[in-house]
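What follows is a single structure, written as structure tokens, with notes after it.
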Amino acid sequence: MAEAAQPTAADNGLAQRIRVRIEQIYSTKSVQGEDGTTYNIMPAALPLERGRFLLDVCRKYRPLATLEVGMAWGVSTLHILQALMENGVAQPRHVLMDPFQGSSFHNAALRTLAELGLEDCVEFHAQPSSLVLPRMVGEGRQFDLAFIDGDHRFDAVFVDFFYIDQLLKPGGVAIFDDTSWDGVYLACRFAQTNYGYETIADLAASGGSGSAPGRPLMRACRKPLTPVEREQTHFVPFFEDFVSNRFGKRLTASTLRYQGLIALREGRRAEARRCFREALGVDPLHVKTYFRLIRTYLPAALIRATTGRTGSAG
Ligand SMILES: C[S@@+](CC[C@H](N)C(=O)[O-])C[C@H]1O[C@@H](n2cnc3c(N)ncnc32)[C@H](O)[C@@H]1O
């Protein structure tokens, strides 16, 4: 990460305006869409302490070129831009991608950026990261820091990381949000065990619902300066936690739920019922499973009508 110029009075004024806007967004928990309608930013937006973590990492590691997957209401974007301004980055150009900015978020983040006069500081792509990131790899683009907060399923985060690794300069920083989630946690563990990424900062979980023991809420990792030597024939296991006793129960419940859904889709309703019942025995707090269990009692035609899936046997 190169040296930034000293911030000018104008940059500092802008950083201050962004900070005030962030405070306002958190205090009202709302933003305006492009049509002027007010929208509640929760639960999609980055909560306050996570925004602070992102800001602190960006302040400390002083990136010049930054990238973000998953913009939502623009809260993380504002934190990154605030840090870039405070760090005195001349002509910042923060790259963003989110295919649902218009359809789900009413272009509210883009509106906020325009209101703050920040349009020229961002490069927005209204497409999924799985299309934008490889294109940028092909263009030879390079970044100092990437924030990964898009689709949270394992395959999506893994693909995001796979391309982001190629886009990061040696020593670049990847920040993962929601490392307490299975998919994100696994992708982050892969980065560490197979690509040699080193943890540089963690935001610890406060122990509330959804937080898995031993996993932070957010993790910032640094890419090694020289690539780790890897073998063609095997990878370093990165899923030990999932097969240990600690997560054994979680794994069993999710496997049963998955098997139940397959059975329901294939019309084996009795088998689906058994799987959902057993899953609830292991994890009785998984509310969706109760609804899935109820679905196994519906007539096949009704299952088809409500889900498009069949349920003719069982
Ligand atoms: C948890 S929200 C992001 C919150 C945001 N970073 C913030 O600070 O407020 C997840 C975002 O990822 C976006 N997303 C989902 N799939 C995506 C994909 N394939 N590529 C890029 N963004 C995606 C969603 O539209 C949503 O805006």
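The values are calculated or read from the model by the stated rules, or taken from the named source; none is laboratory data. Bear in mind the structure is a predicted one, so any value in this text is a computation, not a measurement. With ideal geometry, Cβ positions are generated from the backbone for all residues, glycine too; neighbour counts draw on all protein chains shown.
For the stretch 73-91, which positions are without any contact (Cβ under 8 Å) to a residue 40 or more places away in the chain and in a loop (DSSP other than H, G, I, E, B)? Matches in the stretch 73-91: Gln91 only.
Taking Glu231, is it surrounded by fewer than 21 Cβ atoms within 10 Å (Cβ to Cβ), more than 16 Å from the ligand (Cβ to nearest atom) and not assigned by TED's automatic domain parsing to the domain that holds Ala65?
yes
So that you can scan it fast, the table gives a plain yes or no per residue for (1) under 22 Å from Pro47 (Cβ atoms); (2) near the ligand (Cβ under 9 Å from one of its atoms):
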position	(1), (2)
His79	yes, yes
Glu86	yes, no
Val95	no, no
His106	yes, no
Thr112	yes, no
Phe124	no, no
Pro128	no, yes
Val132	no, yes
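With a requirement of 3 or more residues that are at pLDDT below 85, in contact with an Asp or Glu (Cβ under 9 Å, 6 or more places away or on another chain) and over 30 Å from Gly196 (Cβ atoms), the helices (runs of 4 or more DSSP H) lying completely within the stretch 224-314 that satisfy it span 245-265.
The residues of the stretch 134-149 that are of a type in the set (Lys, Arg) and within 14 Å of the ligand (Cβ to nearest atom) amount to a single one, Arg135.
Considering the conditions (1) surrounded by fewer than 22 Cβ atoms within 10 Å (Cβ to Cβ); (2) in the same structural domain as Val57 (by TED's automatic domain parsing); (3) of a type in the set (S, T, N, Q), Thr179 is excluded by exactly one of them, (1).
Here is a check on your reading of the model: is Val157 within 18 Å of the chain's Cα centre (by Cα) and within 13 Å of the ligand (Cβ to nearest atom)?
yes
Tallying residues that are under 26 Å from Val159 (Cβ atoms) and either touching a strand residue (DSSP E or B) at 6+ places or on another chain (Cβ under 9 Å) or not assigned by TED's automatic domain parsing to the domain that holds Val31 (or both) within the stretch 110-133 yields 12. If the condition is being on the phi < 0 side of the Ramachandran plot and not in a helix (DSSP H, G or I), then the stretch 99-111 contributes Pro99, Phe100, Gln101, Gly102, Ser103, Ser104, Phe105. A count restricted to the stretch 142-199 and to residues that are closer than 19 Å to Leu84 by Cα and among the basic types (Lys, Arg) stands at 1. The set of residues in the stretch 42-67 being touching a residue at least 60 places away in the same chain (Cβ under 8 Å) and either within 7 Å of the ligand (Cβ to nearest atom) or not assigned by TED's automatic domain parsing to the domain that holds Gln127 (or both) consists of Ala44, Leu46.
Scanning the stretch 17-65 for residues that are in a loop (DSSP other than H, G, I, E, B) and of a type outside the set (A, V, I, L, M, F, W, C) yields Lys29, Gly33, Glu34, Asp35, Gly36, Thr37, Pro43, Pro47, Arg62, Pro63. Return a yes/no flag: does the stretch 123-142 have any residue that is at pLDDT 95 or above, surrounded by fewer than 16 Cβ atoms within 10 Å (Cβ to Cβ) and under 30 Å from Val20 (Cβ atoms). Scanning the stretch 123-142 turns up at least one residue that is at pLDDT 95 or above, surrounded by fewer than 16 Cβ atoms within 10 Å (Cβ to Cβ) and under 30 Å from Val20 (Cβ atoms).
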